[in-house]
Structure formats: C-alpha cells, structure tokens
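> Handing you this structure, nothing more for now.
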Amino acid sequence: MKRKLFLLYGGKSAEHQVSIRTAFAVMQALDFDKYEVTPVYITEEGQWVKREALENPVKQLNDLIVKPTKEEQNSLTLFNNSAIISNDEPPVIFPLLHGTNGEDGTVQGLLEVLNLPYVGNGVLASSAGMDKVIMKNIFAQAGLKQVDYVSALRHEWEQDKEKVYRRVEESLTYPCFVKPANLGSSVGINKCNDRTELEDAFVEAFQFDRKIIIEQGIEAREIEIGVLGNDEPQCSVVGEIVPKAEFYDYKAKYEDGNTALIIPADIPEETYETIKEMAIQAFKALDCSGLVRADFFVTKDGEVYINEVNTMPGFTPVSMFPLLWKHSGLEYSQLIDRLVELGLERYNEKQ
Ligand code: ADP
Ligand code: MG
Ligand code: MG
C-alpha cells in the first residue's frame with residue numbers, strides 16, 4: 001500500500017513564496033508509486049486548503065496555489081478529513097514551512113494534538129529554535145561558543161530608547177547585527193556600523209517582532225552543516241556560504257542567486273571535527289529530531305562560533321541542506337524518504 005503523505009506549504013509567514021517553491025521541488029522528487037501525495041496549501045491569511053490526492057506531480061508552481069472555496073472558508077478543513085478521523089493508517093504530514101506559524105512549533109503543536117505523524121522537529125525544538133534569544137540562552141547553558149548578544153523588548157525601547165541603545169553600546173562594539181528574535185531568511189536583519197544605523201535597525205526589526213536580538217558583529221567565514229536523525233543524529237559534510245552582498249541577506253538568499261555555496265567547504269579536518277561536535281551538542285541541547293542545519297562562524301584564526309540552527313532549513317534541491325546530504329551520499333529523494341522514516345519512528349515510539 002502507498003504511504004499517505006500530506007505536503008503542507010505556503011503558510012502565514014514572510015517565507016510563503018519560498019515554501020511554495022520547496023513544495024514544488026519536493027513533489028517533483030517524490031515517487032508517486034510509493035506515496036499517495038496530498039497537497040495542503042495554507043493561504044497567506046492562514047486558511048488551510050486540502051486537495052484530493054494527486055495522481056501525478058503538478059506541472060507548474062502556480063498550480064500549487066489554490067484559493068479556498070466558499071465551503072472551505074474555515075481553517076479547520078484538516079480536522080474534517082475522514083482519513084484522519086477514521087482507523088486508516090494516518091498520513092504523514094510534511095510541513096514545508098519556514099518561519100512563523102510553521103517552523104516555530106505552532107503547526108507541530110496542532111499535529112501533536114491531532115496525533116498525526118509528521119516530518120521534522122517537534123514543538124519544543126521548533127519553538128526554541130525559532131526564537132534567537134531563547135536559542136542562544138540554551139546554547140550558552142550547553143557551553144557552546146557564540147558571539148555576545150543583548151536582547152530588547154519593544155515596550156522598554158518605546159519607554160526609553162536612549163537607555164536601550166546605551167545598554168547595547170556598553171556590551172557590544174560596532175559593527176553589530178540587529179535581528180527580530182523570531183524570524184528567518186534574514187528578514188528584518190541589519191548590520192550597524194554606528195548609532196544612527198543602530199537606531200534605524202531597531203525601528204525596522206521592531207516592525208517584525210516585539211523582541212529583538214543585537215549581536216556582536218564578527219568577521220568570519222560562514223560554514224554550515226546538516227544534521228539528520230533522532231536519538232543518534234549524524235552529520236553531513238560542511239558547506240561554505242560566500243555571499244556577494246555585505247552579508248547573507250534576504251536578497252542574497254533568494255533573489256540574486258549569485259551567492260556561492262562551496263561544498264565541501266575547504267576547512268582543516270580539526271575545524272570540521274569541532275563543528276560536528278558542536279552541531280550534535282546543539283541538536284541535543286534543543287532536543288531536536290529529524291533534521292537541522294547548524295550554521296557557524298569560523299574566524300581567520302580557526303575559532304568556531306555557533307550562529308544558529310534552523311529547524312526547517314531551506315529545502316529546495318539547490319538549497320544548502322539537501323546539497324550537503326547529496327555530497328554525503330544521500331540524493332534529494334532519498335533524503336525525503338529518510339525524513340519521512342524518522343518522523344514515523346518518533347511517532348511510533350510515542351504510541
Ligand atoms: P537568519 O535566521 O535570518 O538566517 P542569521 O542570524 O543567520 O539570520 O543572520 C543572517 C546573516 O547575517 C548571516 O548568514 C550572516 O551573513 C549575517 N550575520 C548575522 N549575525 C552576524 C554576526 N553576529 N556577525 C556577522 N555576520 C552576521
Ligand atoms: Mg535562521
Ligand atoms: Mg541564518
């Protein structure tokens with residue numbers, strides 16, 4: 001019998017478009033003889049639109065964007081699905097969602113409540129990994145080396161901006177990076193070289209979140225590694241990102257395509273060992289399962305700092321995470337198979 005697989009994509013998030021592209025790529029790579037594939041599109045308003053299972057992959061990206069019908073004008077479509085409430089084997093849900101309302105534990109929580117197996121990280125890892133302040137606090141507790149950081153709430157900033165800026169300047173030096181705490185894809189992130197830029201960056205970052213993080217800027221190479229597994233996570237080879245822009249911003253990630261991904265990254269064996277160790281430590285510290293991409297800074301003198309983990313990393317065939325695994329011997333479609341297996345393994349452990 002075919003394995004039922006629901007692809008969950010779109011989403012109420014800044015990374016809506018990226019998610020559609022990912023769903024398209026995953027669909028093309030799936031073996032339709034092995035899986036019964038059902039697309040579930042989440043509109044930008046947050047409505048869930050479930051289609052019938054497909055016979056073949058859709059031909060164009062736009063075919064994945066479906067408007068809800070009148071009857072579907074409630075976001076509980078998924079709950080009403082007979083496959084879910086019957087005794088049939090439940091579908092495995094593959095949330096191809098990045099950022100808020102997808103990668104942050106909210107969808108994972110819904111799937112837990114529905115008692116459905118799903119691919120990737122659970123509620124705790126997803127939500128802790130999405131909040132850069134919480135994530136860094138956990139890394140600090142685990143003894144992982146990272147850059148210094150300060151956090152700020154919109155509320156305190158609105159009450160006394162000068163005080164918050166001074167707090168930043170007492171702890172960090174320029175350049176520093178200002179980021180919304182809960183986002184990804186470099187949205188709302190700015191590098192600041194002085195007070196004026198810091199003030200502008202605060203205004204922008206607070207448009208996206210009530211909490212922001214300010215980090216010490218570091219001059220370093222950006223090295224990333226893939227981690228795959230549940231209780232015995234394995235590491236891929238490492239890759240390097242060489243952005244043409246001043247840093248790896250949203251445009252560099254998704255628009256200009258000029259950013260070079262070098263796989264495997266040319267780093268000393270010893271540095272690779274350190275990165276592997278730190279990646280596994282980070283995976284365990286956040287209680288991850290399934291997958292993460294762990295991102296590091298490596299300075300000229302070989303110091304390794306963890307930057308972040310992404311619990312649902314970019315997942316098109318030309319994204320870093322799948323490419324890292326390809327270079328480690330796992331093709332895109334095999335990687336998808338493995339992720340489905342890992343999701344089921346975790347689900348079955350809990351039953
Ligand atoms: P996102 O989760 O959106 O990817 P990151 O924290 O990875 O956010 O930041 C995006 C990019 O900004 C990084 O890939 C890097 O190029 C740059 N960057 C972020 N923080 C720093 C830092 N502390 N020092 C130097 N560069 C940074
Ligand atoms: Mg990120
Ligand atoms: Mg990043």
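> Glu52 to Glu112: FRET efficiency via 1/(1 + (r/R0)^6), r the Cβ-Cβ distance, R0 25 Å, to the nearest 0.05? Walk me through the numbers on the way to the answer.
Details: r = 26 Å, r/R0 = 1.03.
Efficiency, from the Cβ-Cβ distance: 0.45.
> What angle do you read, to the nearest 10 degrees and between 0 and 90, between the alpha-carbon axis of helix 16-29 and the longest principal axis of the chain?
So the inclination is approximately 50 degrees.
> From largest accessible area down, sort Ile280, Ile134, Ile241; use a 1.4 Å probe on the protein chains.
Final ranking, largest accessible area leading: Ile134, Ile280, Ile241.
> How much length would be gained if the chain were fully extended between Glu219 and Asn193, taking 0.36 nm per residue of separation minus their Cα-Cα distance, in nm to one decimal?
Going from the current span to full extension adds 8.0 nm.
> How far is the Cα center of the range 295-340 from the Cα center of the range 1-31, in Å?
The two parts, judged by their Cα centres, are 18 Å apart.
> I'd like to check one number: the per residue accessible area of the range 3-118, probe 1.4 Å, reported in Å² as a whole number.
45 Å²
> Just to confirm the number: angle between the C-alpha axis of helix 161-171 and the first principal axis of the chain, 0 to 90 degrees, nearest 10?
Once rounded, one gets 80 degrees.
> May I ask you to derive the FRET efficiency for Gln141 and Asp301 from their Cβ-Cβ distance with R0 = 25 Å, giving the value to the nearest 0.05?
Numbers: r = 26 Å, r/R0 = 1.04.
Computed FRET efficiency for Gln141 and Asp301 comes out at 0.45.
> In square angstrom, rounded to the nearest 10, how much accessible surface does Glu269 have for a 1.4 Å probe?
Surface accessible to solvent at Glu269 totals approximately 120 Å².
> Rolling a 1.4 angstrom probe over the protein heavy atoms, how many square angstrom per residue are accessible across the range 149-216?
About 48 Å² of surface per residue is accessible.
> Under the Kirkwood approximation applied to all pairs of distinct alpha-carbon atoms, what is the hydrodynamic radius of the chain in Å? Before the final figure, lay out each step's value.
Working: mean 1/r = 0.0477 Å⁻¹.
Hydrodynamic radius (Kirkwood, Cα only) of the chain equals 21.0 Å.
> Only four residue types carry charge here, +1 at the Cβ of Lys and Arg and -1 at the Cβ of Asp and Glu. Report the dipole size of the chain about the Cα centre in Debye, rounded to the nearest 20.
Values: 36 positive and 56 negative charges, 137 e Å.
That gives a dipole near 660 debye.
> Could you please state how large a percent of the accessible area of the chain is carbon and sulfur, counting protein chains only and using a 1.4 Å probe?
Of all accessible area on the chain, carbon and sulfur atoms account for 47 percent.
> Trypsin sites (Lys or Arg not before Pro), restricted to the range 220-303: which are DSSP loop and have at most 13 other Cβ atoms within 10 Å? List each step's numbers first, then the result.
On the way: sites: Arg221, Lys244, Lys251, Lys253, Lys276, Lys284, Arg293, Lys300; in loops: Lys244, Lys300.
Counting only loop positions with at most 13 other Cβ atoms within 10 Å, the trypsin sites (Lys or Arg not before Pro) in the range 220-303 are Lys244, Lys300.
> By accessible area of protein heavy atoms, probe 1.4 Å, what ranking do Lys350, Lys211, Lys145 get, highest first?
Reading off the accessible areas and sorting them downward yields Lys350, Lys145, Lys211.
> What translational diffusion coefficient, to the nearest whole µm²/s, does the range 149-216 have by Stokes-Einstein, given a Kirkwood radius computed over alpha-carbon pairs, a temperature of 20 °C and 1.002 mPa s viscosity?
Values: Rh = 11.4 Å.
Estimated diffusion coefficient is 187 µm²/s.
> Here's a follow-up. Heavy-atom accessible area of Phe208 with all protein chains present, probe 1.4 Å, nearest 10 Å²?
Only protein atoms counted, so the area is about 90 Å².
> Another question about this same structure. Tally the DSSP beta bridges in the chain and give the antiparallel ones as a percent, rounded to 5.
75 percent
> Given only helices, namely DSSP H runs of n ≥ 4 each adding -39500 (n - 2.57), what is the per-residue ellipticity at 222 nm of the chain, to the nearest 500 deg cm²/dmol? Kindly include the intermediate steps, with their values, before the conclusion.
Details: 12 runs with 121 residues, N = 351.
-10000 deg cm²/dmol, from helical runs alone.
> Right, something else. Got a sec to turn the phi values of the range 108-115 into Karplus ³J(HN,Hα) couplings, 6.51 cos²θ - 1.76 cosθ + 1.60 with θ = phi - 60°, whole Hz, x for Gly and Pro?
Coupling constants for the range 108-115: 4, x, 4, 5, 5, 4, 7, 6 Hz.
> Any idea how many Lys pairs in the range 216-351 come in under 22 angstrom at the alpha carbon, given 8 or more places apart or on separate chains? All intermediate terms of the calculation are to be shown ahead of the outcome.
Values: Lys244/Lys253; Lys244/Lys300; Lys253/Lys326; Lys276/Lys284; Lys276/Lys300; Lys276/Lys326; Lys284/Lys350.
Step by step, the pairs that qualify in the range 216-351 add up to 7.
The values are calculated or read from the model by the stated rules, or taken from the named source; none is laboratory data. Nothing here was measured: the structure is a model prediction, and the numbers come from that model. For neighbour counting, all protein chains shown are included, and Cβ atoms are generated from backbone atoms with ideal geometry for every residue, glycine included. Each accessible area value is taken on the protein alone, full model and side chains, heavy atoms only, with ligands, DNA and RNA left out. Shrake-Rupley method; radii C 1.70, N 1.55, O 1.52, S 1.80 Å.
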